[in-house]
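Here is the structure we will look at.
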Amino acid sequence: MILDELTLHNFGVYGGRQSIALTPLNPKRPVILFGGLNGGGKTTLLDALQLCLYGPAARCSNRNGLAYDEYLRRSIHRGAEVREAAIELAFRHTANGQVQRFRLHRSWTAGANGCRERFHVLRDGELDKLAT
(Lines give C-alpha, C1' and ligand atoms only; values in the text may rest on other atoms or scores of the structure.)
Protein backbone atom coordinates (compact mmCIF):
# COMPACT_ATOMS: atom_id res chain seq x y z
CA MET A 1 0.00 0.00 0.00
CA ILE A 2 1.34 3.44 -0.96
CA LEU A 3 -0.20 6.41 0.87
CA ASP A 4 -0.79 9.33 -1.48
CA GLU A 5 -2.74 12.00 0.42
CA LEU A 6 -4.28 12.69 3.80
CA THR A 7 -6.97 15.34 4.12
CA LEU A 8 -8.24 16.60 7.47
CA HIS A 9 -11.29 18.78 7.98
CA ASN A 10 -11.65 20.31 11.46
CA PHE A 11 -9.83 17.40 13.08
CA GLY A 12 -7.90 18.05 16.31
CA VAL A 13 -5.53 21.00 16.01
CA TYR A 14 -6.19 21.22 12.25
CA GLY A 15 -8.92 23.78 11.62
CA GLY A 16 -10.54 24.09 8.22
CA ARG A 17 -9.50 21.79 5.39
CA GLN A 18 -5.84 20.71 5.29
CA SER A 19 -4.39 18.32 2.69
CA ILE A 20 -1.00 16.67 2.93
CA ALA A 21 0.66 15.05 -0.08
CA LEU A 22 2.32 11.83 1.06
CA THR A 23 3.76 10.73 -2.29
CA PRO A 24 7.53 11.35 -2.40
CA LEU A 25 8.56 13.69 -5.21
CA ASN A 26 11.77 11.78 -5.91
CA PRO A 27 11.72 7.95 -6.14
CA LYS A 28 15.34 7.89 -5.02
CA ARG A 29 14.27 9.56 -1.77
CA PRO A 30 11.11 7.61 -0.82
CA VAL A 31 10.61 8.99 2.68
CA ILE A 32 8.33 11.76 3.94
CA LEU A 33 9.36 13.29 7.29
CA PHE A 34 7.28 15.42 9.64
CA GLY A 35 8.87 17.66 12.21
CA GLY A 36 7.56 20.23 14.62
CA LEU A 37 7.35 21.40 18.19
CA ASN A 38 5.39 19.57 20.87
CA GLY A 39 1.68 20.16 20.35
CA GLY A 40 2.16 20.93 16.67
CA GLY A 41 0.00 18.05 15.40
CA LYS A 42 2.42 15.26 14.45
CA THR A 43 0.67 12.62 16.57
CA THR A 44 -2.70 13.92 15.39
CA LEU A 45 -1.68 12.97 11.83
CA LEU A 46 -0.94 9.41 12.95
CA ASP A 47 -4.22 9.27 14.86
CA ALA A 48 -6.07 10.48 11.76
CA LEU A 49 -4.55 7.69 9.66
CA GLN A 50 -5.56 5.05 12.20
CA LEU A 51 -9.04 6.49 12.68
CA CYS A 52 -9.68 6.67 8.94
CA LEU A 53 -8.56 3.07 8.41
CA TYR A 54 -9.95 1.36 11.52
CA GLY A 55 -12.77 3.50 12.92
CA PRO A 56 -13.84 2.28 16.37
CA ALA A 57 -10.97 -0.25 16.47
CA ALA A 58 -8.30 2.47 16.04
CA ARG A 59 -5.79 2.81 18.85
CA CYS A 60 -5.48 6.57 18.91
CA SER A 61 -2.99 8.12 21.31
CA ASN A 62 -5.34 10.47 23.12
CA ARG A 63 -8.44 8.24 23.34
CA ASN A 64 -7.53 7.09 26.88
CA GLY A 65 -10.48 4.73 27.32
CA LEU A 66 -13.08 7.17 25.98
CA ALA A 67 -16.12 5.70 24.28
CA TYR A 68 -15.81 5.98 20.49
CA ASP A 69 -18.68 8.46 20.26
CA GLU A 70 -17.10 10.75 22.86
CA TYR A 71 -13.68 10.47 21.20
CA LEU A 72 -15.19 11.61 17.89
CA ARG A 73 -16.96 14.51 19.61
CA ARG A 74 -13.74 15.67 21.31
CA SER A 75 -11.67 15.37 18.14
CA ILE A 76 -13.69 18.06 16.34
CA HIS A 77 -11.61 21.24 16.10
CA ARG A 78 -12.63 23.68 18.85
CA GLY A 79 -12.93 26.62 16.47
CA ALA A 80 -15.20 24.84 13.98
CA GLU A 81 -18.35 26.78 13.17
CA VAL A 82 -20.27 23.56 12.54
CA ARG A 83 -19.67 20.63 14.91
CA GLU A 84 -18.43 18.25 12.24
CA ALA A 85 -15.11 16.78 11.14
CA ALA A 86 -13.77 14.50 8.42
CA ILE A 87 -10.70 12.52 7.46
CA GLU A 88 -9.92 11.30 3.97
CA LEU A 89 -7.09 9.00 2.93
CA ALA A 90 -6.03 8.27 -0.66
CA PHE A 91 -3.77 5.31 -1.33
CA ARG A 92 -2.72 2.78 -3.98
CA HIS A 93 -2.68 -0.96 -3.63
CA THR A 94 -1.35 -3.49 -6.14
CA ALA A 95 -3.22 -6.78 -6.40
CA ASN A 96 -2.59 -9.41 -9.08
CA GLY A 97 -0.29 -7.00 -10.89
CA GLN A 98 -2.92 -4.25 -11.14
CA VAL A 99 -2.77 -0.96 -9.28
CA GLN A 100 -6.03 0.02 -7.63
CA ARG A 101 -6.63 3.49 -6.21
CA PHE A 102 -8.65 3.84 -3.04
CA ARG A 103 -10.10 6.84 -1.24
CA LEU A 104 -11.50 6.33 2.25
CA HIS A 105 -13.73 9.04 3.68
CA ARG A 106 -14.82 9.06 7.33
CA SER A 107 -16.85 12.00 8.64
CA TRP A 108 -19.01 12.72 11.66
CA THR A 109 -21.33 15.35 13.03
CA ALA A 110 -21.89 15.96 16.74
CA GLY A 111 -25.48 16.41 17.82
CA ALA A 112 -27.50 16.37 21.02
CA ASN A 113 -27.84 12.57 20.87
CA GLY A 114 -24.21 11.74 20.08
CA CYS A 115 -22.23 11.65 16.86
CA ARG A 116 -23.51 10.55 13.48
CA GLU A 117 -20.69 8.90 11.54
CA ARG A 118 -20.46 8.26 7.80
CA PHE A 119 -17.89 6.11 6.03
CA HIS A 120 -17.45 5.27 2.38
CA VAL A 121 -14.80 3.75 0.14
CA LEU A 122 -14.08 4.66 -3.47
CA ARG A 123 -12.12 2.13 -5.54
CA ASP A 124 -10.78 3.56 -8.80
CA GLY A 125 -13.28 6.42 -8.49
CA GLU A 126 -16.35 4.21 -8.02
CA LEU A 127 -18.23 3.65 -4.77
CA ASP A 128 -17.31 0.21 -3.39
CA LYS A 129 -20.54 -0.79 -1.64
CA LEU A 130 -19.06 -3.95 -0.15
CA ALA A 131 -16.06 -2.16 1.43
CA THR A 132 -18.26 0.74 2.53
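Numerical summary
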{"quantity": "Residue list for region 32-56, restricted to those being among the aliphatic types (A, V, I, L, M) and either touching a Pro at 6+ places or on another chain (Cβ under 9 Å) or open to solvent by 70 Å² or more (accessible area, probe 1.4 Å) (or both)", "calculated": "Ile32, Leu33, Leu37, Leu46"}
{"quantity": "Residue list for region 4-17, filter: farther than 15 Å from His105 by Cβ and open to solvent by 60 Å² or more (accessible area, probe 1.4 Å)", "calculated": "Val13"}
{"quantity": "Of residues in region 95-117 being among the aliphatic types (A, V, I, L, M) and in contact (Cβ under 8 Å) with a residue 12 or more places away in the chain, the one nearest to Leu51 (Cα to Cα)", "calculated": "Leu104"}
{"quantity": "Qualifying residue in region 31-45 (condition: part of a helix (DSSP H, G or I), within 26 Å of Ala131 (Cα to Cα) and in contact with a Phe, Trp or Tyr (Cβ under 9 Å, 6 or more places away or on another chain))", "calculated": "yes"}
{"quantity": "Condition check for His93: outside any helix (DSSP H, G or I) and open to solvent by less than 70 Å² (accessible area, probe 1.4 Å)", "calculated": "no"}
{"quantity": "Residue within region 69-91 that is among the charged types (D, E, K, R), closer than 26 Å to Lys129 by Cα and over 10 Å from the mean Cα position of the chain (by Cα) present", "calculated": "yes"}
{"quantity": "Odd one out for Ser61, checked against (1) in contact with a helix residue (DSSP H, G or I) (Cβ under 6 Å, 6 or more places away or on another chain); (2) open to solvent by 60 Å² or more (accessible area, probe 1.4 Å); (3) within 20 Å of His120 (Cβ to Cβ)", "calculated": "(3)"}
{"quantity": "Residue match in region 107-122 (condition: open to solvent by 70 Å² or more (accessible area, probe 1.4 Å) and either part of a helix (DSSP H, G or I) or under 19 Å from Leu22 (Cα atoms) (or both))", "calculated": "no"}
{"quantity": "Enumeration of residues in region 96-106 that are open to solvent by 70 Å² or more (accessible area, probe 1.4 Å) and of a type in the set (S, T, N, Q)", "calculated": "Asn96, Gln98"}
{"quantity": "From the options Leu53, Leu45, Leu8, residue that is free of Cβ contacts under 8 Å to residues at least 40 places away in the same chain and within 13 Å of the chain's Cα centre (by Cα)", "calculated": "Leu45"}
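The values are calculated or read from the model by the stated rules, or taken from the named source; none is laboratory data. Computed from a predicted structure; not experimentally measured. Heads up, the Cβs are rebuilt from the backbone with ideal geometry, glycines too, and the neighbour counts pull from every protein chain shown. Heads up: the accessible areas ignore ligands, DNA and RNA and are worked out on the full protein's heavy atoms, side chains in. Shrake-Rupley method; radii C 1.70, N 1.55, O 1.52, S 1.80 Å.
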